[in-house]
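Each reported figure results from applying straightforward, stated rules to the coordinates on display, with no laboratory input. Because the structure is a prediction, the values reported are computed rather than measured. A quick note on method: Cβ atoms are made from the backbone with ideal geometry, for glycine too, and the neighbour counts reach across all protein chains shown.
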Amino acid sequence: MKIRILGTGCDKCDKLETNVKEALSTLGIEASVEKVADLVQIMKYGIMTTPGLVIDEKVVSYGKVLKPKEIVKILESVK
């Protein structure tokens, strides 16, 4: 599983990364987590509001900081 956090490095982006790692730990899932800060790369995903969450190249959320419980639900649905 490949997870990308889309954002320019703001506090919300950092918090989303922390929450993603917590959700992965809760489920015992190993995944690569990558932060994408380049605006050109972010725009390729078609989002205009960060932070964005991409799992296996599919945008699953953008514009808000998901809580770990919300991320767990998303991860369970894509496994």
Give, rounded to the nearest 20 debye, the magnitude of the charge dipole that the chain has about its Cα centre when Lys and Arg contribute +1 at Cβ and Asp and Glu contribute -1 at Cβ.
200
What aspartates and glutamates could a cross-link reach from LYS44, if we take a straight Cα to Cα line under 18 Å and drop same-chain neighbours fewer than 8 places away?
GLU34, ASP56, GLU57
Any lysines whose Cα falls less than 20 Å from that of LYS69, other than same-chain ones fewer than 8 residues away, would be LYS2, LYS12, LYS15, LYS21, LYS58, LYS79
From the phi angles alone, apply the Karplus equation (6.51, -1.76, 1.60; θ = phi - 60°) to region 14-28 and give each ³J(HN,Hα) in whole Hz, x where the residue is Gly or Pro.
5, 5, 4, 4, 4, 5, 4, 5, 5, 5, 4, 5, 4, 8, x
Given Cα pairs under 8 Å that are at least 6 residues apart, what percent is the relative contact order of region 2-78?
41
Calculate the length of the line joining the C-alpha centroid of region 52-68 to that of region 1-51, in whole Å.
7
Exposed loop GluC sites (Glu not before Pro) only (DSSP loop, at most 13 other Cβ atoms within 10 Å): please give the longest stretch of the chain free of them, not including the sites.
1-29
